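Presented below is the structure to which this report refers.
The values are calculated or read from the model by the stated rules, or taken from the named source; none is laboratory data. Bear in mind the structure is a predicted one, so any value in this text is a computation, not a measurement. Cβ sites come from the backbone with ideal geometry, for glycine too, and all protein chains shown count toward neighbours.
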Amino acid sequence: SNYFTLTFISCTSAVLRAVLIIQNWYRGYRARLRARQHYALTIFQSIEYADEQGQMQLSNFFSFMLDNYTNMGEDDPELVHRFIASQQEIKSRQEYVELIDVPDSYLGPRLQFPLTFTDIDLLLEAFKQQQILHAHYVLEVLFETKKILKQMPNFTHIKTSPSREITICGDLHGKLDDLFLIFYKNGLPSENNPYVFNGDFVDRGKNSMEILMILLVSFLVYPNDVHLNRGNHEDFMMNLRYGFTKEILHKYKLHGKKILEILEELYTWLPIGTIIDNEILVTHGGISESTDLNVLHRLERNKMKSVLIPPMDVSRDQAVEFEQSRMGISVSASEIFKQGETSEHLSRHEWEQVIDILWSDPKGRKGCYPNTCRGGGCYFGPDVTSKILSKFQLKMLIRSHECKPEGYEICHDGKVITVFSASNYYEEGSNRGAYIRLCSGMNPRFFQYQVTKATCLKPLHQRVNIMEISAIRALKERMISRKTDLTRAFQLQDPRKSGKVSLGQWALSMENILGLQLPWRTLSSHLVTADKDGNIMYMSSFQDIHIEKPVQQAQSTIVETVYRYRSDLEIIYNMIDSDHSGLISMEEFRAMWKLFSSHYNVPIDESQVDKLANTMDLNKDGSIDFNEFLKAFYVVHKYDTSKSDSSLYR
């Protein structure tokens, strides 16, 4: 009996030890996967913010352009006029809407005005079938929405009760399946189910128009129960870079320009925040130490046409003559300024106030300092949060603007909540989406989800591998766009021309040139090759990737410059291309490139620019299809990432 008892105890002990070993291994395995996922997200976010920084820096370029518009020649005064003249009144509703017929052959949804709940349901079902709403109805919705928005204050005030909760959603960014899932889990908007959508409805995702139409139609049906805050992407200049403009022109070709014109004005009338129960502030980005809700309540928000067009500080005494192409008459700069008095723009202080609430991010460090990652707004610490909330008798700030792995995050001692509603934002499995439900006297409740096309999610290790591959691909493309600068930096650290530098020297050069705050030492094993002594063979950074040249004789510098600034250049040329034809003249190309290279301090040989321009003049008529021009610069990856299954982070 004792023998069997001892044997049983011995076996049980061995099993327990085995279970503990397996459990510890599994916990370590999961922790390593989570660490790898975190690093991949860090890469995605660093690149995203660096792009936004470049976007914000375009405002400096536009200011520079206005200061130097005499150098632009007299070919396209409309470009200058768009920045400094008063915003033209949109043409009549009749001219935009009633002249666009809906043919009998149109099989999509037909909205009935005034809209009802039935129209929301009709729209949802149509979009689930991937139908496109006709331009006639799109314009009708935009005009109706603008009419109501113009009557609203800058901040919408909402009351809740224990029996009436409100749902707050963060960024959706054109991800329609996320909105469908929210409505499935949480119910459609109604008088008994109010919503706040906290900005960034559009851009990045492929269904921005569908999301915008659902939100606007819901707002028209329930104007007191659906609340729409402006985000930093409800901005026609942001749309030029991040995809919504292209989506509209692709889906609505003939009437796309009309839609863009109305949308540009509608954005300016969106409220800039919501205040719930006089104690919870909901804004897209955040606050700063100088945030003044009194100023924000009374400023004329429709004067914020774009965050990239700051208040103009140009002298009215400048009387530079240029020809106004549409009217065929001579107009002086002073006359244009008379048309666009300073009252047509926010003051510098007001403009900065709006920038802060649209672009800022919370940080754990105390104080308020420039948001160097994004290039706009600020980082605000817990002390700033406490100060501003206390000053205006508020208890909490709910904001969006940042992708979070779990869809939400609580910081600043529970006083700041970030909610982000676009799941799989960077890559499938990269993050969950979330929304918040709250009511008076109760703590916020968080609801998470993750859209997947499959019956079930892929195993975590597969999702992490996919994320890593995509993140490293994006990072490699960033590196190749700065190849010349990186090579020069490496060579400065390599006076003996050995082709090698230490790991520390390599990491420092990467940080200084790319400006991305990343763990370069950790990433090095997947980006470069090291010798047996641990020294980095720095040219191996570029061995499996290169930029295709539209002209083989073109210098590497100009190829990298065009590739690096392709998004900025696209926006600048789209500003010139007022009819969205995609064509610009050779003179416009040269004039804008000259200003661009001067402002960005890019020393490019003009003969090289001419060679590129002439090569892209495919029709030999003196015009350039700029979309084709950009397509000529693309990155070629020599490695097959689909076969990669190795960990990037060890």
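Residues that are over 27 Å from the mean Cα position of the chain (by Cα) and either in the same structural domain as H173 (by TED's automatic domain parsing) or buried (at least 19 other Cβ atoms within 10 Å of the Cβ) (or both) are absent from region 417-426. Within region 381-408, no residue that is outside the structural domain of N229 (by TED's automatic domain parsing) and at pLDDT 95 or above sits with its Cβ atom under 8 Å from a residue that is buried (at least 19 other Cβ atoms within 10 Å of the Cβ) and among the aliphatic types (A, V, I, L, M) at 6+ positions apart or across chains. Taking region 420-440 as the range and being within 21 Å of N278 (Cα to Cα), at pLDDT 95 or above and in contact with a Ser or Thr (Cβ under 6 Å, 6 or more places away or on another chain) as the test, the residues that pass are Y435, R437. Taking region 193-226 as the range and being β-branched (V, I, T), touching a residue at least 60 places away in the same chain (Cβ under 8 Å) and out of contact with any strand residue (DSSP E or B) (no Cβ under 8 Å at 6 or more places or on another chain) as the test, the residues that pass are I214, V217, V221.
Taking region 408-440 as the range and being assigned to a strand (DSSP E or B) and of a type in the set (K, R) as the test, only R437 passes.
Being among the aromatic types (F, W, Y) and touching a Pro at 6+ places or on another chain (Cβ under 6 Å) is a condition met by at least one residue of region 216-223.
Just a yes or no: is a residue in region 363-370 hydroxyl-bearing (S, T, Y), touching a residue at least 24 places away in the same chain (Cβ under 8 Å) and either within 29 Å of I309 (Cα to Cα) or not assigned by TED's automatic domain parsing to the domain that holds R432 (or both)? The answer is no; no qualifying residue exists. So which residues in region 525-584 are surrounded by fewer than 17 Cβ atoms within 10 Å (Cβ to Cβ), among the hydroxyl-bearing types (S, T, Y) and at pLDDT 80 or above, if there are any at all? S525, T529, S540 - these are the residues of region 525-584 that are surrounded by fewer than 17 Cβ atoms within 10 Å (Cβ to Cβ), among the hydroxyl-bearing types (S, T, Y) and at pLDDT 80 or above. Of all residues in region 441-450, those satisfying the criterion of being closer than 26 Å to T274 by Cβ, part of a loop (DSSP other than H, G, I, E, B) and either modelled with pLDDT of 90 or more or touching a helix residue (DSSP H, G or I) at 6+ places or on another chain (Cβ under 8 Å) (or both) are N443, P444. Considered as a group, the residues in region 157-200 that are aromatic (F, W, Y) and under 19 Å from L281 (Cα atoms) include one that is surrounded by the most Cβ atoms within 10 Å (Cβ to Cβ), and that residue is F197.
Inclusion of Y267 among residues that are in the same structural domain as Y426 (by TED's automatic domain parsing), among the aromatic types (F, W, Y) and within 19 Å of the chain's Cα centre (by Cα) is warranted. When Q491 is tested against the conditions (1) at pLDDT 90 or above; (2) more than 27 Å from the chain's Cα centre (by Cα); (3) closer than 21 Å to L518 by Cβ, the lone failure is (3). Taking region 459-484 as the range and being assigned to a loop (DSSP other than H, G, I, E, B) and over 27 Å from the mean Cα position of the chain (by Cα) as the test, only P459 passes. Within region 188-208, the set of residues being over 18 Å from the mean Cα position of the chain (by Cα), part of a strand (DSSP E or B) and not hydroxyl-bearing (S, T, Y) comprises N193, V196. Criterion first (at pLDDT below 70, in a helix (DSSP H, G or I) and closer than 30 Å to S525 by Cβ) does S642 satisfy it? When the stated conditions are applied, S642 passes them. Apart from one condition, T372 fits all of (1) more than 23 Å from D277 (Cβ to Cβ); (2) buried (at least 19 other Cβ atoms within 10 Å of the Cβ); (3) under 17 Å from the mean Cα position of the chain (by Cα); the exception is (2). Is it the case that G205 is surrounded by 21 or more Cβ atoms within 10 Å (Cβ to Cβ) and at positive phi? Against the criterion (surrounded by 21 or more Cβ atoms within 10 Å (Cβ to Cβ) and at positive phi), G205 does not qualify. Residues of region 485-523 that are over 25 Å from H38 (Cα atoms) and assigned to a loop (DSSP other than H, G, I, E, B): Q493, D494, P495, R496, K497, S498, G499, S502.
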